[in-house]
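Reviewing the structure listed below.
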Amino acid sequence: MWLRRTALLYQLKYKKHTDPERLFHYIDLQKDEGEFFIRKAIGWALREYAKTDPKVVRPFVKETPLSSLSAREALKHIGKE
């Protein structure tokens, strides 16, 4: 579980150098996970990337069936619009 969580979080500070394709792929693989720390990591990774590219994160969250925790964390600073 901790390795999967790390895979989601390792790009946190990459900002414009984030590989969104890889990030979204890892999230797609883990989105149905029931583990709190994985769901929280998904939201955290998306929230950080949203600070750089909210126009990509917002539709991804809207179109991807995420847990309410992950979606809430992802949109925390950018809103749903």
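The values are calculated or read from the model by the stated rules, or taken from the named source; none is laboratory data. None of the values given here were measured: they were computed from a predicted structure. Neighbour counts are summed over all protein chains in view; Cβ atoms, including those assigned to glycine, are modelled from backbone coordinates with ideal geometry.
Under the condition of being in a helix (DSSP H, G or I) and surrounded by fewer than 18 Cβ atoms within 10 Å (Cβ to Cβ), which residue from segment 31-51 is nearest to the chain's Cα centre (by Cα)?
40
If you scan segment 4-30, which residues turn out to be in a helix (DSSP H, G or I) and aliphatic (A, V, I, L, M)?
Listed by number, the residues that qualify are 7, 8, 9, 23, 27, 29.
Hey, could you check segment 52-81 for residues that are of a type outside the set (A, V, I, L, M, F, W, C) and at pLDDT below 95 and say which is farthest from residue 14 (Cα to Cα)?
If we filter segment 52-81 for residues that are of a type outside the set (A, V, I, L, M, F, W, C), which is where we start, we get 52-55, 58-59, 62-65, 67-68, 70, 72-73, 76-77, 79-81.
Narrowing further to those that are at pLDDT below 95: 76-77, 79-81.
Numbers: 76: 19, 77: 18, 79: 22, 80: 23, 81: 25 Å.
Filtering first and then ranking leaves 81.
Here is a list of conditions, (1) surrounded by fewer than 16 Cβ atoms within 10 Å (Cβ to Cβ); (2) on the phi < 0 side of the Ramachandran plot; (3) at pLDDT 95 or above, and residue 15 meets all of them except one; can you say which number that is?
With respect to (1) surrounded by fewer than 16 Cβ atoms within 10 Å (Cβ to Cβ); (2) on the phi < 0 side of the Ramachandran plot; (3) at pLDDT 95 or above, residue 15 is out only on (2).
So which pairs qualify, if the first residue must be in segment 1-21 and within 17 Å of residue 50 (Cβ to Cβ), the second must be of a type in the set (Phe, Trp, Tyr), the Cβ gap must be under 6 Å, and the two must be at least 6 apart or on different chains?
Close Cβ pairs (under 6 Å, with a partner that is of a type in the set (Phe, Trp, Tyr)) amount to 8/26; 18/49.
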